[in-house]
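**Q** After the structure tokens below, expect a handful of questions from me.
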Amino acid sequence: MSPPLSLHQDEVRPSAIIVGAGLGGLATGIHLARHGWKVTIFERNRHAGGRMNVLEEAGFRIDMGPTMLMMPEVLHEIFSICNRDPQDYLPLTKLCPAYRILWPDGTTLDMGVEMDCLVQQARKIEATDAARIPALLAAMKAKYENARYRFIERSFNSPLDLLHPTTLVGLLKALPLESVYQMVSRYLANEKLRQAFSFQTLYLGISPHRCPSIYALLPYVEMEFGVWFPMGGTYTLARGLERLFLELGGQIRYCLPVEQITLQGRVAKGVRTSDGCEHLADAVICNLDLPTAYQKLIPNALRRKYSNATLAQKEYGCSGFLLYLGVKGLSLSNLPHNSIVLSENYDEVLEDIFVRRVLPNDPAMHLCVPTHTDPNLAPPGHHVLYILVPCPNTQSEIRWDAMAPVLRDRTIGKLERLGLIPNLHKHIVFERWFTPADFEQLYGCYAGAAYGGLTPTFLQSAYFRPHSRSEEIANLYFVGASTHPGGGVPIVLTSGKLTAELIRKDYPRAKVKTG
């Protein structure tokens, strides 16, 4: 729905209200503010960043959300485009290896390393497949270039966007009916190597057996552009974006939830906050998870495409169970900064998460020891352990109040049993956990889906994913992982850029000075 131009003739500085100070909301705010817009963000929590959160307690500083940053040029662009030195806001350190994959039988593979090193390691697993890895990564490079320039960095708000010749060529190249696992299997026969080059779809909340092959690009991105960690933890990015937004004249109202988007017919006029006040603006941008935003902020009677019943029928990604541990008396020298610990029966774990929707008996996990890179994240003689276990979202029948301790024990028990961290339970001095129910309650993630809400199936991607401009309400826009182009830190920042460009395009009479 194209918005009516609501600016009065004597107005020279348009205004925008953003619901939520997540990364997408901050990015949209920055891109509007640098073009002279008056931008106010209302945030329900005490801090910016959304799911990029931080736990600071007992001398530990533990990232609660993303721990690996990719595509640094996207992260840097938002600062450099505002004439800032990115290093002043986001001091990044490249991780090598990006991560180590660990199988229960002791097999390992370091990812995100030079090609020769990767192939040499793979020869120890399967020599014939090792020789095919350069061709696989070349095919993944083509997937990356196709996805980034034909889909990720383009808005899809009308059928004409989908029917554009560039998009149609991209669709043909994408082979949308082939899964990531099928694509990888055309090059590799060894099951371990197939897992190593396909499990990354779990970052998107979807099984590699169902994820369209257009997303078979992450191993290439990891190797070509690296995986990075900011000193001070990944929350440094959220604080850097917050700082930049405020420097550009933006305003953030913390601990002030938005309870309703105020409407005049089918036109958004502003928001009503929990203190009963109404705030007006020319554009309203919602950084809350899109299905939750529609359910909580827009009456169901006004929603045609995204009614409550329709939203319930969408497919949502898996979630994550997180353990935040402070440990004492362990060197952990056998582990790199990041490790991916896979399971004896890979497909059974995927079935547990996505089909049976039960707790995995043999949980796979991402294990992060950020204190290897930044010792200041813990007191002297201590380490931080961040453990992420992919698990079903809250549409399962799992009662997390009862089952969180069970999964906690399975996870710690596996690390001890494999000899990765012997006697781990004896060295824990600080412990917290975070469940899919917490993702739903604290961040408003629909169904507790932690990785971007809607799964990126073919019919929930690009034009078929919810649009940046609301199809229900004029003057209402969306940004974040649940909208195009999808989840992941650099992709959400790109979403903010695309949404801001769309808003400015919709308001051509807003004659403002570019910052």
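**Q** What does DSSP give for the chain in terms of the percent of beta bridges that are antiparallel, rounded to the nearest 5?
**A** Antiparallel: roughly 70 percent of the beta bridges in the chain.
**Q** Towards the positive end of the charge dipole of region 377-446, with charges on Cβ (+1 Lys, Arg; -1 Asp, Glu), say which of P392, V429, F439 has the farthest Cα.
**A** So the residue furthest toward the plus end is V429.
**Q** So, in nm, how far is label R123 from label N376 when the simple model puts each one 7 Å beyond its Cα toward the Cβ?
**A** According to this spin-label approximation, the distance is 4.3 nm.
**Q** What is the Cα convex hull volume of region 63-152 when expressed per residue in Å³?
**A** Given the Cα convex hull of region 63-152, per-residue volume reads 151 Å³.
**Q** Using a Cα-Cα cut-off of under 20 Å, which lysines could be cross-linked to K143, ignoring same-chain neighbours fewer than 8 residues away?
**A** List returned: K173.
**Q** Would you please give the FRET efficiency between K328 and R186, computed as 1/(1 + (r/R0)^6) with r the Cβ-Cβ distance and R0 = 45 Å, to the nearest 0.05?
**A** The calculated FRET efficiency here is 0.40.
**Q** When N counts the residues of region 1-150, how does its alpha-carbon radius of gyration compare numerically with 2.2 N^0.38 Å, as a ratio? Present the calculation step by step, with values, prior to reporting the outcome.
**A** On the way: Rg = 22.2 Å, N = 150, 2.2 N^0.38 = 14.8 Å.
That ratio works out to 1.50.
**Q** If you compute semi-axes √(5λ) of the Cα gyration tensor in Å for the structure shown, which of (i) 42, 28, 22; (ii) 37, 26, 22; (iii) 46, 24, 22 do you land on?
**A** (ii)
**Q** I've got another one for you. Could you tell me which of S185, I491, I41 has its Cα farthest along the dipole of the chain towards the positive end, charges placed at Cβ (Lys, Arg +1; Asp, Glu -1), taken about the Cα centre?
**A** I41
**Q** Could you tell me which residue out of P370, A474, L244 lies farthest along the dipole of the chain toward its positive end? Charges go on the beta carbon: Lys and Arg +1, Asp and Glu -1, centred on the Cα centre.
**A** Of the candidates, A474 comes out farthest on the positive side.
**Q** Give the accessible surface of region 1-139 per residue, rounded to a whole number of Å², with probe radius 1.4 Å and ligands, DNA and RNA excluded.
**A** 41
**Q** Largest first, how would R34, R51, R465 line up by accessible area (1.4 Å probe)?
**A** R51, R34, R465
**Q** Multiply the residue gap between E224 and K141 by 0.36 nm, knock off their C-alpha separation, and tell me the result in nm, one decimal place.
**A** That pair, E224 and K141, stretches by 29.0 nm at full extension.
**Q** Percent antiparallel among DSSP beta bridges with both residues in region 8-93, to the nearest 5?
**A** Numbers: 4 of 10 bridges.
In region 8-93, DSSP labels about 40 percent of beta bridges as antiparallel.
**Q** Using a cut-off of under 20 Å, list every residue of region 306-343 whose amide N is near the label point 7 Å from the Cα of K94 along the Cα-to-beta-carbon line.
**A** Residues 336-339 qualify, since their backbone N sits under 20 Å from the label point.
**Q** Still on this model: When the convex hull of the C-alpha atoms of region 301-372 is computed, what volume per residue in Å³ does it have?
**A** On the way: hull volume 11.6 nm³, N = 72.
Dividing the Cα hull volume of region 301-372 by its residues yields 161 Å³.
**Q** If I ignore ligands, DNA and RNA and count only protein heavy atoms, how much of V492 is accessible to a 1.4 Å probe, in Å² to the nearest 10?
**A** So the heavy atoms of V492 present about 20 Å² to solvent.
**Q** For region 24-108, which semi-axes, largest first and in whole Å, follow from the square roots of 5 times the eigenvalues of its Cα gyration tensor?
**A** The equivalent ellipsoid of region 24-108 has semi-axes of 31, 19, 12 Å.
**Q** Looking at region 285-327 from every direction and averaging, what is the projected area of its Cα convex hull in nm²?
**A** 4.9
**Q** Let's see if you can work this out: charge +1 on each Lys and Arg Cβ, -1 on each Asp and Glu Cβ, no other charges. What is the dipole magnitude of the chain about its Cα centre, in debye to the nearest 20?
**A** Roughly 980 debye for the chain.
**Q** Roll a 1.4 Å probe over the protein heavy atoms and report the accessible area of D85 in Å², nearest 10.
**A** Here the residue's solvent-accessible area equals roughly 80 Å².
**Q** Shifting gears a bit: Among the lysines, which have Cα under 27 Å from the Cα of K414 when same-chain residues fewer than 8 positions away are ignored?
**A** Reachable lysines: K124, K192, K328, K426.
The values are calculated or read from the model by the stated rules, or taken from the named source; none is laboratory data. Bear in mind that the values here come from a model prediction, so they are computed numbers and not experimental data. In this analysis, Cβ positions are derived from the backbone assuming ideal geometry, glycine residues included, and neighbour counts consider all displayed protein chains. Ligands, DNA and RNA are excluded from the accessible area calculation, which covers all protein heavy atoms including side chains. Shrake-Rupley method; radii C 1.70, N 1.55, O 1.52, S 1.80 Å.
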